[in-house]
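Data first, discussion second: the structure below is written as C-alpha cells.
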Amino acid sequence: MNIYFLNFSRVRRYLFLIPALLTMAALFTGVLLSDIPAVSSKTKPHAIYKVKTERKVAALTFDISWGTKVPGPVLDTLKKNNVKSTFFLSGPWVKKYPEFPRRIAAEGHEIASHGNRHIDLDRESPAAVKEEITAAHQSIKEVTGVDPCLIRTPNGAWDDMVLGVADELGYKVIQWSTDSLDWKKPGVDVIVNRVLDRVHPGSIILMHASDTCLQTPEALPRVLEGLKARGYELVTVSELLKDGPGVVD
C-alpha cells in the first residue's frame with residue numbers, strides 16, 4: 001500500500017506539469033509560424049496586351065502627346081463611323097490644348113493617361129514614377145473632369161516597379177497586341193495592312209493621333225472599313241476588359 005501511494009503521488013505531481021508543458025509548446029509553435037511569410041491573395045500587377053475572348057471584338061486606341069493637326073480629323077472619322085475608342089493623353093498636351101481632350105470626353109471616348117513627360121519610366125525611381133503618373137492624372141482631371149484608371153506608359157516602357165507604383169495609384173497598365181506603326185510614317189497602305197493582318201479577337205490596337213503621325217487620318221477610314229468587313233466590333237479598353245481576362249503577352 002505504501003508503494004502504491006508513493007507512485008500515485010508522483011503521477012499526480014506530474015499531472016500538474018501538463019498544462020504548463022502545453023502552454024510552452026503552443027508558444028514555441030507560434031514563434032516558428034511567425035517566421036513563415038503570409039501568402040497574399042492579391043494578384044501580382046501585370047501589363048495587359050490583349051484580352052482572352054472568342055468574340056470578334058477589339059479596342060482601337062490612340063496615344064496623343066503633341067500637336068493639333070491630327071486629333072481633329074481622327075475624331076471626325078470616329079464620329080462619322082460611330083466608333084468609341086480609348087485615348088491615352090499626356091499631361092502637358094492636355095493642359096496646352098484643353099479643347100481637344102474636352103471634345104474627346106464629350107464625344108463619349110474613354111480618357112486614359114499617357115503619363116506626363118515622354119520618358120521611360122522604368123529608368124526612374126519609384127518616387128519619380130509616382131510623380132509622373134500623379135501629375136498627368138491631375139492635369140487630365142482638371143481639364144476633362146475624368147479620373148483615368150488606365151495608363152499606357154510612354155514608349156511602352158515598364159518593369160515590375162512601374163507596375164507596382166501604377167497599381168498603388170489605382171491604374172492598370174495597358175499595352176497592345178496589334179501595332180499599326182503609324183508613328184514611323186511607313187505609308188497609308190502599310191498602316192492599314194498591319195492592322196487588318198494582325199487583328200484578332202481581344203486585340204488592343206495601337207495607333208497615334210499626334211502630329212508626328214500625319215498618315216493616320218488617311219489610313220483610319222480604311223482601317224475602320226476593313227475591321228467592319230471582317231466582322232469586328234470596336235469598343236473601349238474598359239469595355240474589352242469586361243469580355244474576358246487580360247493577357248500578359
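Every number in this text was worked out from the coordinates using simple rules, so none of it is lab data. Quantities reported herein were computed from a predicted structural model and do not represent experimental measurements. Reconstructed Cβ throughout: ideal geometry from the backbone, glycine too, with neighbour counts over all protein chains shown.
Volume per residue, Å³, of the convex hull around the alpha-carbon atoms of the stretch 52-93? The partial results should precede the final answer.
On the way: hull volume 3.2 nm³, N = 42.
Considering the Cα atoms of the stretch 52-93, their hull volume per residue is 76 Å³.
With respect to the cross-link table entries K44/K80; K79/K141; K130/K242; K44/K96; K96/K172, which display a Cα-Cα separation exceeding 32 Å?
Numbers: K44/K80 40 Å; K79/K141 23 Å; K130/K242 27 Å; K44/K96 36 Å; K96/K172 25 Å.
From the list (K44/K80; K79/K141; K130/K242; K44/K96; K96/K172), the Cα-Cα distance tops 32 Å for K44/K80; K44/K96.
Taking the Cβ of V162 as the center, what net charge do the other residues with Cβ under 15 Å away carry, scoring Lys and Arg +1 and Asp and Glu -1?
Values: positive: K44, R117, R123, K130, R152, K172; negative: D120, D122, E124, E131, E132, D159, D160, D167, E168.
Charge balance near V162 sits at -3.
So if R0 is 30 Å, what FRET efficiency would K130 and S238 give, r being the distance between their Cβ atoms, rounded to the nearest 0.05? Can you show the working numbers first?
Numbers: r = 23 Å, r/R0 = 0.77.
The pair K130/S238 has a calculated efficiency of 0.85.
Arrange the peptides 98-106, 63-71 so that the one whose residues have, on average, the most other Cβ atoms within 10 Å appears first. Intermediate results must be reported in sequence, preceding the final value.
Details: 98-106: 17.1, 63-71: 19.7.
So the order, starting with the most tightly packed, is 63-71, 98-106.
How much length, in nm to one decimal, is gained on full extension between D211 and K184, taken as 0.36 nm per residue of separation minus their Cα-Cα distance?
On the way: separation 27, 0.36 × 27 = 9.72 nm, distance 1.19 nm.
8.5 nm is the gain from fully extending D211 to K184.
Quick one: check the C-alpha center-to-center distance for the stretch 77-105 versus the stretch 152-210, whole angstrom.
About 17 Å separates the Cα centre of the stretch 77-105 from the one of the stretch 152-210.
In nm, to one decimal, how far is the K96 label point from the E168 one, both placed 7 Å along Cα→Cβ?
3.0 nm
Straight-line reach from K52: which aspartates and glutamates have a Cα under 20 Å away, not including same-chain ones fewer than 8 places off?
Result set, ordered by chain and number: D179, D197, E233, E239, D243, D249.
How much length is gained on full extension from E107 to K69, taking 0.36 nm per residue of separation minus their Cα-Cα distance? Mind dumping the intermediate values first?
Values: separation 38, 0.36 × 38 = 13.68 nm, distance 1.83 nm.
Answer, rounded to one decimal: 11.9 nm.
Report the extension gain between N81 and V247 in nm, rounded to one decimal, defined as 0.36 nm multiplied by the number of residues separating them, less their alpha carbon distance.
Values: separation 166, 0.36 × 166 = 59.76 nm, distance 2.84 nm.
Using 0.36 nm per residue and subtracting the Cα-Cα distance, I get 56.9 nm.
If each of R123 and E225 carries a label point 7 Å out from its Cα toward its Cβ, how far apart are those two points in nm?
For the pair R123/E225, the computed spacing is 4.2 nm.
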